[in-house]
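What follows is one structure encoded as structure tokens, with my remarks underneath.
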Amino acid sequence: MGKTRGAIAAGHSHTAAAGQTIFDQGGNAFDAIAAAILTSFVVEPTLTSAAGGGFCLAHPVERPPVLYDFFTQTPRESKPLADLDFYEMAVNFGDAVQAFHVGLGAMATPGNLAGVWTIQQELGRLPFQDVAQPAIEAARYGVPVSAFQDFCINTVLAPILQAREECRRIYAPQGQLLREGEIFLQQDFANTLEAITHQGIDLLYGGEIGAQFVADCAAGGGYLTMADLTHYQVIRRPPLRFHYRGQTLLTNPPPSSGGALLAFTLQLLAQVDLGAMPWGSTSHLDALIQAMQLTNQARSHGYDAHIHDPDIASQFLGDDHLAPYLEAMANGLNKWGSTTHVSVIDEWGNAASATTSNGEGSGYVIPNTGIMVNNMLGEADLNPQGFHQWQRDRRLSSMMAPTMILQGGQPVQVLGSGGSNRIRTVLTQVIANVLDFGMSMEEAIARPRLHWEADLLNLEPGLGAGMDLAPQVLQWQAQNMFFGGVHGVERDGQGGFRGGGDRRRGGAFLSP
């Protein structure tokens, strides 16, 4: 049997290389994406973690597509606020300082490890031990800290990474936070992942690691109990399917909100002939801005409050609800976002698109495991009703929107992005660059972007110079991770692979 080949785009060269290693060993797209996600826990630790949460849109060749929801879950029981370890911490991400909430009381039930395990067991073809090996080796022998991770560690998340002794052992083993080029070793995580390959994920979801985790929550001010871990389930959902410019797109369905908002924005853009406009022209940018404004209006009119309704997507994207916004479109012409993404297509046509996150991290590392737990209960974007107001034992909603563009029912473009509430506007622009302006995935990702929110228009260099586009404009001096991190792959009609990793977040693309 010949070796499988495929293409992968990811947020770090080692993440992408892990997937290629698995292709070389005969693995398929789902083996490759599992290896890549596990490796991202090692080499992109400020963005994701085994104790974070995410989504994977999987499109097997001979089975229906499925969205694996392994995002974080709210606790099964509440606690008096006075008993919680939940506190604000100021974080500097360059041009602004933002407050996040961390501590054991900010941790939601993690899903990333369960998600990777489930996807690989159901759709992969190699032993899990083989798939985990690239991540184990990266953790045990170390990788140099990249320029982007240096920025994340030292500029953005330094207060969180130095808040607890267990965390300092990982990120400041010699007393100072690691810098670019220094070797980042994670022996504890290598041992943990190796143990999981032999004993399974029950080590976290009910076993020895889980017991230590919930004991620390009980003693230190966290919500989570053993019942939260043992009852956690990866949920399989039919993808949200919609059409744009004659193409079928698949993305993340509710209760994640990003996919439906992406679909809504593209339905608005379908009312104008973007491809007839010069790229970057006033008319092009005005159309994007107006579609973003109208989507935000629609979201604010009850969408978030009804995100768990079973028919919210069909209602939100229905003709009656869309009509006034389509008419307005026809007549009218902040934040960290600690998230990463992996896109994969293999030679057989299997495709997978996965977005994962750890928030900013809670600052708590499960002792002797190397695993920092998420702070999703301390993320304002994920708690629109306010902190500690969540309904018990329910999936948190997310802006993550792993997406595929189909032709003839098969994936030809696979993409997704990090970037918090910018994810939908970023993906809108990249998809329009591909389908309206005929760009390759690499060029579509590289082009400058804009983001409109709260009456402020953010522009990357190369867009909007000398144009009167909005009352308040922030002209950024360089391309920036604020505008997301799209990593995408595509397959042409001859079976060749192309793609791009977003330079804004140190991305990489690899193919045969």
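The values are calculated or read from the model by the stated rules, or taken from the named source; none is laboratory data. What you are looking at is a predicted structure, and each value in this text was computed from that prediction instead of being measured. Ideal geometry is used to build each Cβ from the backbone, glycine not excepted, and the neighbour counts take in all protein chains shown.
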**OP:** Could you figure out which of (1) surrounded by fewer than 24 Cβ atoms within 10 Å (Cβ to Cβ); (2) more than 17 Å from the chain's Cα centre (by Cα) isn't true of ASP381?
**Re:** (2)
**OP:** May I ask you to list the residues in the range 15-35 that are under 15 Å from LEU123 (Cα atoms), touching a helix residue (DSSP H, G or I) at 6+ places or on another chain (Cβ under 7 Å) and hydrophobic (A, V, I, L, M, F, W, C)?
**Re:** ILE22, PHE23, PHE30, ALA32, ILE33, ALA34, ALA35
Subject >> Test: residue in the range 117-128 that is closer than 30 Å to LEU240 by Cβ, surrounded by 21 or more Cβ atoms within 10 Å (Cβ to Cβ) and of a type in the set (Ser, Thr, Tyr) >> reply: no
**OP:** Return the only residue of ILE371, ILE366 being buried (at least 24 other Cβ atoms within 10 Å of the Cβ) and at pLDDT 95 or above.
**Re:** ILE371
Subject >> Unique residue being in contact with a strand residue (DSSP E or B) (Cβ under 7 Å, 6 or more places away or on another chain), at pLDDT 95 or above and under 25 Å from ASP309 (Cα atoms) when the list is THR425, THR355 >> reply: THR355
**OP:** Could you run through the range 85-144 and say how many residues are among the small types (Gly, Ala, Ser) and either in a strand (DSSP E or B) or closer than 18 Å to ALA354 by Cα (or both)?
**Re:** 8
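Out of the residues in the range 463-512 meeting the condition of being acidic (Asp, Glu) and surrounded by 21 or more Cβ atoms within 10 Å (Cβ to Cβ), tell me which one is nearest to VAL43 (Cα to Cα).
Filtering first and then ranking leaves ASP502.
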Subject >> Flag if ASP455 is of a type in the set (D, E, K, R) and modelled with pLDDT under 90 >> reply: yes
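Looking at this structure, is GLU347 modelled with pLDDT of 90 or more and either surrounded by 23 or more Cβ atoms within 10 Å (Cβ to Cβ) or under 30 Å from CYS217 (Cα atoms) (or both)?
So GLU347 does not fit the description; no.
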Original post:
So ALA276 clears everything in (1) surrounded by fewer than 23 Cβ atoms within 10 Å (Cβ to Cβ); (2) out of contact with any Gly (no Cβ under 8 Å at 6 or more places or on another chain); (3) at pLDDT 95 or above; (4) aliphatic (A, V, I, L, M) except one condition, right? Which one?
Top reply: (3)
